[in-house]
Amino acid sequence: MHIIITKKMNSFIIYVVLIIASVFAIFPIYWAFISSLKPFNEALFFPPTFFPKNFTMDNYYEIITRYQFHKHIFVTFLVGIGTIVFSLSVAIHGAYALSKWKVRRKSLIMFLILATSMIPQISVLLPLYSFTVRLNIYDTLLGLVIVYSAWLVPAEVWFLKNIFDGIPTALEEAAMIDGCTKIGAFYKVILPNSKIGLVSVIIFAFVKVWTDFLFSQTLILSKDKRLVNVALYGFLSQFGIQWTQLMAATILSSLPIILIFLVLQRFYISGFISGAVKE
Amino acid sequence: MKGYNYNRLLPYVLLLPTFILVALVAAYPIIVSLIYSLSKMRYLKFERFVGLENYVRIMGDQGFWQSLSVSLKYYGLSIAIVIPLGLLLATLLSSKVKFLTLFRTIIFLPWVLSQTITALIWGWLLNENFGPILWIFSKFGNDNISFLSDVNNALPLVVLANVWNSCPFAIIFLMSAIQSIPEELNEAAKIDGANTFQKFNKITLPLIMPTLSVVFIQLTLLYFNMVTLIFVMTGGGPLGSTSTLSLYTFQHAFQFWNTSYAAALTFLLLVINLLFAGLYVRLFRVQY
């Protein structure tokens, strides 16, 4: 027995499923957003209002003036950029060596790097905490940058090696005929030809730092050095903070990453996908 | 002669910083957590070696076994929802429908938000006094329900938030695999009279199997080791009903400051994960 579904029926079902999935995906974000625009007393209405009766920007105003949330955003940017600079200057050279030079036991090294990139944070948290305490870089942004870089370098090396592998040796040789040294050819030819891959890695590293909670929660003590997610968590237990203000902070700290995703979607996705698998 | 040596050494010099950082997140944690776990520590201060005492304690610890079972429930429930749902949506988002880019962007969006934000947004949605989900329940005459404060409801609800946040990851992976299937294969099957379900079963599924395995492994690592989402959403409560092994380890390390006991748990997690990751790399013969 064949179940015959006409083409129209078929595409109707597809639309229904996609619309349900879209509503499920977007409603929580919409709810957070409109809550951030409601006066606190309206947020306590039951039944709830699905569109604010009275718009207000007070929650955003309070979260910045009273709770100084912009400082946490700034610190997160700082650590994100520091991590990009440090981890990429390490990973670029490591990946280059593995891609274009003769290295002994290369496949073992690649195996270890890949396995390391899969180690979850929870199983390195306590040792790395003790590392920063013993090195006197606990509660410093420098310590955070070092730990984030160490955490991200394996995935970055893996990703960049694949990018460099795709650049033809002929390009490198041409530059060397023109009088470049081999390593000079790397900076002058290989790197500029890897721009697209580099953008993906930079986004990957930035997003990883921006969305992290565990390292910044355990390696930072001072309130004013908290990254965004830790600051948000801190608000939860803070006396007197209102949910509408918390939602305003939530929206503010999601904004940069949503913007990056909307504008650079292709790079964003390839940075995360290629880090996890080589086809 | 000098150039010869230089060229042989250079790659290792270039690799040295990478080696140091990799050692910091791989070798160092293994050694440190092993040493700590075999010692009696007061905070970070070594007192004396105690052998396997901490591991023996773990074996007899009710909390350990309970959290292990919560971990398996959390993991099993999440993966059982995300894999089929991811397959379905990846297939639909690869078909030719209108507004495809819009659908994709909207459905991917929750994935870019952090676990902390996911936990906060869902905590607010599930508010037990005036949340929209309570309102839906009250429409059906049930406004006396509790969500995250209920021992039976908390875990499935954290799973729900987790599905919301992580399902797009599966969709994106599977979509890229589905889209790399040559069009001719589906055309040929159509000519032979295969229906949608048969096409999926005989063509799509076998061809995306390698990617599906990768997704499966990646999600297993993610779910089994997840701390942040659960920590922010429920803190492991009520009554330990959402306290997974990873969260239990986190709490022993950074809330109760049982350094040696937490180190033993950490070491166990590390070994399990490394074995798993190594197996994955070998099993799928990832090329390098």
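The values are calculated or read from the model by the stated rules, or taken from the named source; none is laboratory data. Small disclaimer: the values here were computed from a predicted structure and weren't measured. For neighbour counting, all protein chains shown are included, and Cβ atoms are generated from backbone atoms with ideal geometry for every residue, glycine included. We work out accessible area using only protein heavy atoms, side chains counted, and drop any ligands, DNA or RNA first. Shrake-Rupley method; radii C 1.70, N 1.55, O 1.52, S 1.80 Å.
If you go through segment B:28-40 and pick out every residue that is part of a strand (DSSP E or B) and open to solvent by 20 Å² or more (accessible area, probe 1.4 Å), you end up with 1. Against the list (1) surrounded by fewer than 21 Cβ atoms within 10 Å (Cβ to Cβ); (2) more than 22 Å from A:A32 (Cβ to Cβ); (3) more than 13 Å from chain B (Cβ to nearest Cβ), the condition A:Y60 fails is (2).
Inspect all residues belonging to segment A:69-80 and state whether any of them is assigned to a helix (DSSP H, G or I), of a type in the set (A, V, I, L, M) and either touching a His at 6+ places or on another chain (Cβ under 6 Å) or closer than 22 Å to A:I190 by Cβ (or both). So far as segment A:69-80 goes, no, none of its residues is assigned to a helix (DSSP H, G or I), of a type in the set (A, V, I, L, M) and either touching a His at 6+ places or on another chain (Cβ under 6 Å) or closer than 22 Å to A:I190 by Cβ (or both). Based on this model, can you work out whether B:L174 counts as over 30 Å from B:S94 (Cα atoms) and out of contact with any Lys or Arg (no Cβ under 6 Å at 6 or more places or on another chain)? No, not satisfied.
Determine if segment B:204-214 includes at least one residue that is farther than 26 Å from B:I107 by Cβ and surrounded by 13 or more Cβ atoms within 10 Å (Cβ to Cβ).
Scanning segment B:204-214 turns up no residue that is farther than 26 Å from B:I107 by Cβ and surrounded by 13 or more Cβ atoms within 10 Å (Cβ to Cβ).
Among residues of segment A:217-234 being more than 9 Å from chain B (Cβ to nearest Cβ) and within 22 Å of B:W122 (Cα to Cα), the one that is surrounded by the most Cβ atoms within 10 Å (Cβ to Cβ) is A:L227. Among the candidates B:L279, B:L239, the residue that is surrounded by fewer than 16 Cβ atoms within 10 Å (Cβ to Cβ), in contact (Cβ under 8 Å) with a residue 40 or more places away in the chain and either within 10 Å of another protein chain (Cβ to nearest Cβ) or hydrophobic (A, V, I, L, M, F, W, C) (or both) is uniquely B:L239. If the condition is being part of a helix (DSSP H, G or I), facing chain A (nearest Cβ under 7 Å) and aliphatic (A, V, I, L, M), then segment B:13-27 contributes B:L14, B:L15, B:L21, B:V22, B:L24, B:V25.
How many residues does segment A:13-62 contain that are among the aliphatic types (A, V, I, L, M), in contact (Cβ under 8 Å) with a residue 12 or more places away in the chain and part of a loop (DSSP other than H, G, I, E, B)? Number of matching residues: 2. Being open to solvent by less than 10 Å² (accessible area, probe 1.4 Å) and not acidic (D, E) is a description that does not apply to A:L262. Among the residues making up segment B:41-57, those that are surrounded by 12 or more Cβ atoms within 10 Å (Cβ to Cβ) and more than 8 Å from every other protein chain (Cβ to nearest Cβ) are B:M41, B:F46, B:V50, B:L52, B:E53, B:N54, B:Y55, B:V56, B:R57. Looking at segment B:131-144, can you tell me whether even one residue there is modelled with pLDDT of 90 or more and hydroxyl-bearing (S, T, Y)? Checked against the condition, which is being modelled with pLDDT of 90 or more and hydroxyl-bearing (S, T, Y), segment B:131-144 yields no hits at all.
Inside segment B:185-214, residues that are under 30 Å from B:L265 (Cβ atoms) and within 9 Å of chain A (Cβ to nearest Cβ) make up a count of 1. What tally of residues in segment B:129-167 results from selecting those that are within 11 Å of another protein chain (Cβ to nearest Cβ) and not in a helix (DSSP H, G or I)? Result for segment B:129-167: 4.
Taken as a whole, the condition of being open to solvent by less than 40 Å² (accessible area, probe 1.4 Å), at pLDDT below 90, more than 28 Å from B:L222 (Cβ to Cβ) and not charged (D, E, K, R) applies to A:A43.
Please work out if B:S69 is open to solvent by less than 70 Å² (accessible area, probe 1.4 Å), at pLDDT 95 or above and touching a Phe, Trp or Tyr at 6+ places or on another chain (Cβ under 6 Å). When the stated conditions are applied, B:S69 does not pass them.
Within segment B:104-128, if we keep just the residues that are farther than 13 Å from B:T234 by Cα and not hydrophobic (A, V, I, L, M, F, W, C), the residue that is farthest from the other protein chains (Cβ to nearest Cβ) turns out to be B:E128.
When the helices (runs of 4 or more DSSP H) confined to segment A:104-200 are screened for residues that are open to solvent by 10 Å² or more (accessible area, probe 1.4 Å), within 12 Å of another protein chain (Cβ to nearest Cβ) and within 30 Å of A:D224 (Cα to Cα), those reaching at least 3 such residues are found at A:125-134, A:141-165. Within segment B:242-251, being without any contact (Cβ under 8 Å) to a residue 24 or more places away in the chain and either among the aliphatic types (A, V, I, L, M) or more than 9 Å from every other protein chain (Cβ to nearest Cβ) (or both) holds for one residue alone: B:Q251. For segment B:104-119, the set of residues classified as assigned to a helix (DSSP H, G or I) and either among the hydroxyl-bearing types (S, T, Y) or within 16 Å of B:S176 (Cβ to Cβ) (or both) consists of B:R104, B:T105, B:I107, B:F108, B:W111, B:T116, B:T118, listed by residue number. The single condition among (1) within 10 Å of chain B (Cβ to nearest Cβ); (2) surrounded by fewer than 21 Cβ atoms within 10 Å (Cβ to Cβ) that A:F86 does not meet is (2). With respect to B:S78, is the statement that it is surrounded by 15 or more Cβ atoms within 10 Å (Cβ to Cβ) and either within 14 Å of another protein chain (Cβ to nearest Cβ) or at pLDDT below 95 (or both) true? No: the conditions fail for B:S78. When the criteria are applied in full, B:T101 fails the requirement of being modelled with pLDDT of 95 or more and more than 7 Å from chain A (Cβ to nearest Cβ).
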